[in-house]
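Asks: The structure that follows is given in the form of structure tokens.
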Amino acid sequence: MKKLVAILFICSLAFHGYSKENSSDKKWWKEAVVYQIYPMSFKDSNGDGIGDLKGILSELDYIKSLGVDVIWLNPIFESPNADNGYDISNYRAIMKEFGTMDDFDALLKGMHDRGLKLLLDLVANHSSDQHEWFQESRKSRTNPYRDYYHWWPAEKGKPAFRPGNFEVDGSGWRFDSLTNAYYLHYFNFRQPDLNWENPKVRAEVYDMMKFWLDKGIDGFRMDVIPFISKDVNFPIITDKDLKEKYNGDWSQYIGNGPFLHQYLREMNEQVLSKYDCMSVAEGTGTTVQQALDFVDADRKELNMLYHYDGVNYGYLPGKFKTPDPKGYDLVGFKTIYSKWDSVFANKGWGTIYLGNHDQPRMVTRWGNDSPQFREVSSKMLTTFLMTMRATPYYYFGDELGMSNIKFSSIDEYKDIESIAMYEMTKNKGGDLNEFIEAQKITARDNSRTPFQWNAKTNAGFTVGTPWIKINENSKTVNVAIENKDPNSVLNYFRKMVQLRNTNKTLIYGKYELIDKANPNIYAYTRGEGKDKILVLLNFTKENVNWNAGGKGVLGKKILINNYTDLNLKKHTVELRPYQAVCIQL
Ligand code: NOJ
Ligand code: CA
């Protein structure tokens, strides 16, 4: 009898362990390094000044040489490009500037032949106003597509305020006289929000996802996915509510709609669970408390989510993307990333990034882009990204140490966000110089300039006129030069990826912040017991001595170092400006 009870107990444990996934469970997407490409700016194959799919195909060997596993492409679908592809007019067609469906098929094959996986951008919170659904929807109140979008009849008065992100007047409602009604758009008026409350819309989105997954793509990055479900009564949200319930942050209200998780579970059940694919949410408005609701594997929703706490850190409150002139405080930075690590200590899985197409270049914002420190601080930031317990999303060009272009006139900007916010500042009588100065550090166009292949005309990106200016430092910061230099930022990135790929401790090992109050050094360990790696990152332009404590680290194996030497004393490590090292303890 006792024996039987014991067997039953063991079986139940085994069953329990089998049905509950925890964060140390192995998955290919946890072990991957994702390389993000902004297709408009990677490589132009036909001289029209715009990057395209054939351009990417021609450089797959370069991408493979980096050691990365997954390529995430920003939207490549048919679009009038009000927001560079984040306004899709046909979800099943390729943007004409980027090529054809045949080009896409060839690209996907080229990637798979090389063992690279492909992640596409799912932009389904909103479409373009040129999408056939919206064109129909606006025609009449009885059109079969009317309920594909959110309409507010004007006879009910003005709808309660909702923000429209890329709008000069900041409003998320647009009046359409054709049917005497307002429609909702959380971004620009050319990006109307789809009505996910309508089951037909959800079915359309799931079908479209299957269309791409059936072609063989390996997953989706999901644009502002927390925004999809709306309280369709559109209640008034007072300033007081916003402050008390949503931390004064509209995206926290918008990113927590009533049926959000029901829809994600439905999407998982109907689409994602049927493929060996990965999914990552853009976690706009998502706090640490809510993150697991998206990515706890037992909930069967999504795999990963990327948060904004890190990249929004260090801005002056109440001003649009204006960095504190005093710089940012490293202790706060460490607190944010450590807190986000702890969310996934037992369940779910995290992401780590410092740059993408919505952020400036990481070296300008988080490192130091002066000629003296650009290379070494780029390498230091790469070390950080590749040694955290999370899947790294690494932005193309950061591997070269590309830095912000820093436009000094609004006329040079192409981005709808910068242009709208400039106009808004002007209309409010704000300080336009201050705005332009802040944009030099934070504008999205800083990271959207063409990739720097070589020192030739237009950095080898195009033989035509590039759609946006190319950074002048392309003469020295480029693939051709960096390929030849064993100590380049590029070759450091390759080594760092290789170190991560060959060292499971850097992937799954426990993360522990040490010396938390140190204002200059970010120090942490990965792993436990005998298998522990110490990561030391000097975030300053000064030499800093780090106290290694009792046993010290003399004689330990240095796994990687962004300088050629390291000054180890018995109890201290002397770190040079922006020095980064990983030491096997
Ligand atoms: C987030 C995207 O990353 C950004 O580029 C875009 O402008 C908005 N969502 C709207 O789609
Ligand atoms: Ca082209």
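Asks: Name the residues in region 111-129 that are open to solvent by 30 Å² or more (accessible area, probe 1.4 Å) and in contact (Cβ under 8 Å) with a residue 60 or more places away in the chain, would you? Spell out how you get there, then give the answer.
Replies: Kept after step one, since they are open to solvent by 30 Å² or more (accessible area, probe 1.4 Å), are these residues of region 111-129: 112-115, 117.
Of everything in region 111-129, those that are open to solvent by 30 Å² or more (accessible area, probe 1.4 Å) and in contact (Cβ under 8 Å) with a residue 60 or more places away in the chain turn out to be HIS112, LYS117.
Asks: Okay, next question. Which of (1) more than 25 Å from ARG365 (Cα to Cα); (2) buried (at least 17 other Cβ atoms within 10 Å of the Cβ) does ASN547 not meet, given it meets every other one?
Replies: (2)
Asks: Answer yes or no: is there a residue in region 178-198 that is touching a helix residue (DSSP H, G or I) at 6+ places or on another chain (Cβ under 7 Å), open to solvent by 60 Å² or more (accessible area, probe 1.4 Å), more than 14 Å from ligand 1 (Cβ to nearest atom) and over 23 Å from GLY85 (Cα atoms). Talk me through it step by step, then tell me what you get.
Replies: Step one: of region 178-198, the residues touching a helix residue (DSSP H, G or I) at 6+ places or on another chain (Cβ under 7 Å) are 180-182, 186, 188, 192, 194-196, 198.
Checking the rest, the ones that are also open to solvent by 60 Å² or more (accessible area, probe 1.4 Å) come to 180.
In the following step, the residues that additionally are more than 14 Å from ligand 1 (Cβ to nearest atom) were identified as 180.
Filter once more, keeping what is over 23 Å from GLY85 (Cα atoms): 180.
Yes: one or more hits.
Asks: Scan region 557-583 residue by residue and report those that are surrounded by 16 or more Cβ atoms within 10 Å (Cβ to Cβ) and within 16 Å of ARG526 (Cα to Cα).
Replies: LEU559, ILE560, ALA580, VAL581, CYS582, ILE583
Asks: Identify, please: which residue in region 25-81 is outside any loop (DSSP other than H, G, I, E, B), open to solvent by 20 Å² or more (accessible area, probe 1.4 Å) and of a type in the set (Gly, Ala, Ser) and is, among those, nearest to ligand 2 (Cβ to nearest atom)?
Replies: Here the residue is SER58.
Asks: Next up: Quick one: how many residues across region 86-104 are within 14 Å of ligand 2 (Cβ to nearest atom) and within 24 Å of the chain's Cα centre (by Cα)? Before you say what the answer is, go through the steps one by one.
Replies: Here is the first cut: in region 86-104, the ones within 14 Å of ligand 2 (Cβ to nearest atom) are 94-100, 103.
Restricting the remaining residues to those that are within 24 Å of the chain's Cα centre (by Cα) gives 94-95, 97-98.
Looking only at that region, the number is 4.
Asks: Let me ask something else about it. Evaluate region 455-472: report whether one residue or more is open to solvent by less than 20 Å² (accessible area, probe 1.4 Å), of a type in the set (Gly, Ala, Ser) and either within 30 Å of LEU559 (Cβ to Cβ) or more than 16 Å from ligand 2 (Cβ to nearest atom) (or both).
Replies: no
Asks: Looking at the structure I just gave you, is LYS516 part of a loop (DSSP other than H, G, I, E, B), closer than 30 Å to SER41 by Cα and not polar (S, T, N, Q)?
Replies: Numbers: part of a loop (DSSP other than H, G, I, E, B): yes; closer than 30 Å to SER41 by Cα: no; not polar (S, T, N, Q): yes.
No; evaluated as a whole, the condition is false for this residue.
Asks: Right, next: State all residues of region 151-176 that are part of a loop (DSSP other than H, G, I, E, B), more than 16 Å from ligand 1 (Cβ to nearest atom) and not hydrophobic (A, V, I, L, M, F, W, C); if no residue qualifies, say none.
Replies: GLY157, LYS158, PRO159, ASP169 - these are the residues of region 151-176 that are part of a loop (DSSP other than H, G, I, E, B), more than 16 Å from ligand 1 (Cβ to nearest atom) and not hydrophobic (A, V, I, L, M, F, W, C).
Asks: Still on this model: Would you be able to say whether some residue in region 143-153 is open to solvent by 50 Å² or more (accessible area, probe 1.4 Å), in contact (Cβ under 8 Å) with a residue 24 or more places away in the chain and over 22 Å from PRO258 (Cβ atoms)?
Replies: Initially, region 143-153 is screened for residues open to solvent by 50 Å² or more (accessible area, probe 1.4 Å), giving 144-145, 147.
Those still in the list that are in contact (Cβ under 8 Å) with a residue 24 or more places away in the chain too: 147.
If we keep only those that are over 22 Å from PRO258 (Cβ atoms) too, we end up with none.
The answer is no, given that none of the residues of region 143-153 is open to solvent by 50 Å² or more (accessible area, probe 1.4 Å), in contact (Cβ under 8 Å) with a residue 24 or more places away in the chain and over 22 Å from PRO258 (Cβ atoms).
Asks: With the requirement that a residue be at positive phi and more than 16 Å from ligand 1 (Cβ to nearest atom), what does region 39-87 give you?
Replies: Of everything in region 39-87, those that are at positive phi and more than 16 Å from ligand 1 (Cβ to nearest atom) turn out to be GLY47, GLY49, GLY67.
Asks: For region 342-357, enumerate the residues that are assigned to a loop (DSSP other than H, G, I, E, B) and open to solvent by less than 20 Å² (accessible area, probe 1.4 Å).
Replies: First pass over region 342-357, keeping only residues assigned to a loop (DSSP other than H, G, I, E, B): 344-350, 353-357.
Selection gives PHE344, GLY348, TRP349, GLY350, TYR353, LEU354, GLY355, ASN356, HIS357.
Asks: Here's another thing I want to ask about it. Give me the helices (runs of 4 or more DSSP H) completely within region 364-482, filtered to those with at least 1 residues that are within 16 Å of ligand 1 (Cβ to nearest atom) and under 20 Å from the mean Cα position of the chain (by Cα), ordered by residue number.
Replies: Numbers: elements: 374-386, 416-427, 432-442.
Result: 416-427, 432-442.
Asks: Taking region 522-547, which residues are more than 19 Å from PHE384 (Cα to Cα) and assigned to a loop (DSSP other than H, G, I, E, B)?
Replies: Within region 522-547, GLY529, LYS530 qualify.
Asks: Would you point out which residue out of ASP218, ASP241 is away from ligand 1 (no atom under 16 Å from the Cβ), without any contact (Cβ under 8 Å) to a residue 60 or more places away in the chain and either surrounded by fewer than 18 Cβ atoms within 10 Å (Cβ to Cβ) or on the phi < 0 side of the Ramachandran plot (or both)?
Replies: Details: ASP218 fails: without any contact (Cβ under 8 Å) to a residue 60 or more places away in the chain.
Result of the check over ASP218, ASP241: ASP241.
The values are calculated or read from the model by the stated rules, or taken from the named source; none is laboratory data. Small disclaimer: the values here were computed from a predicted structure and weren't measured. Using ideal geometry, Cβ is built from the backbone for each residue, glycine included, and neighbour counts are taken over all protein chains shown. The protein model used for the area step is the full one, side chains on, heavy atoms only, and it has no ligands, DNA or RNA in it. Shrake-Rupley method; radii C 1.70, N 1.55, O 1.52, S 1.80 Å.
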